[in-house]
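Novice: Sharing a structure with you now.
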Amino acid sequence: MAQSPYSKSGPTRRRNRGFQAAATLLADRVQKAAEGRGFAVTRLLTHWPDIAGAQLAAVTRPVKISHSRGGLGATLTLLTTGPMAPMVEMQLPRLRERVNACYGYNAVQRITLTQTAATGFAAGQASFARTRGPQLKPDPALVERAGQVARQFDDPTLAEAMARLALNIATRQTRNT
């Protein structure tokens, strides 16, 4: 008996028609790449801002998980910039609890930090961009006053910096009153 072209088994299997989410198309490749760095659960990589929190995720990136020979807990290595390392270090116990909650058991025993420049080594090429809140338009009178301050300088770079400084000081004073 011949197989139907609509059956799910055999070489004449029909492909699904329609759209698929990009995540399902790349899931196998992402899993293999993550396993190469020790991440058996890719959720730690793909949902890092949810796990670490927005502020901590903005200055850190998970680099690898290494398992000890005895198999009693793993070490998570995080990448951060040098100036942020002390601030991140203070939050490591809470971060370890959140990472272990992602795994569902006490998988990570230690978290180590690797410091690098904001752009530099291969693993550090991810940008550590600051997230800012919604930007409000400054008062035109304050912008004009900042422009007057800037016109006092011949160097365009210095003039621009002084205009920003004057505008920041003026907007801070209006916000605090």
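A short reminder: the numbers here are calculations on the coordinates, not readings from a lab. Since the structure is predicted, the reported quantities are computational estimates derived from the model, not experimental observations. Cβ atoms come from the backbone with ideal geometry, glycine included; neighbour counts cover every protein chain shown.
Novice: Of the listed peptides 90-97, 137-144, 48-55, what is their order by residue-averaged count of other C-beta atoms within 10 Å, with the highest listed first?
Specialist: So the order, starting with the most tightly packed, is 48-55, 90-97, 137-144.
Novice: Hey, with R₀ at 41 Å, roughly what FRET efficiency would K137 and A101 work out to, going by the Cβ-Cβ distance, to 0.05?
Specialist: Once rounded, the FRET efficiency stands at 0.50.
Novice: What is the extension gain from A161 to Q55, computed as 0.36 nm multiplied by their sequence separation minus the C-alpha to C-alpha distance, in nm to one decimal?
Specialist: Result for the pair: 35.5 nm of gain on full extension.
Novice: If you stretched the chain out fully between H67 and H47, how much longer would it get, using 0.36 nm times the residue separation minus the C-alpha to C-alpha distance?
Specialist: The H67-H47 span can extend by a further 5.1 nm.
Novice: Can you tell me the convex hull volume per residue for the range 52-106, based on C-alpha atoms, in Å³ to the nearest whole number?
Specialist: On the way: hull volume 4.6 nm³, N = 55.
Dividing the Cα hull volume of the range 52-106 by its residue count gives 84 Å³.
Novice: Under a crude label model (7 Å from the Cα following the beta-carbon direction), how far is R110 from N168 in nanometres?
Specialist: In this crude label model, R110 to N168 measures out at 3.9 nm.
Novice: Here is a follow-up. Any idea how far apart F153 and E89 come out in nm if each label point goes 7 Å out from Cα toward Cβ?
Specialist: Once both label points are built, they end up 3.5 nm from each other.
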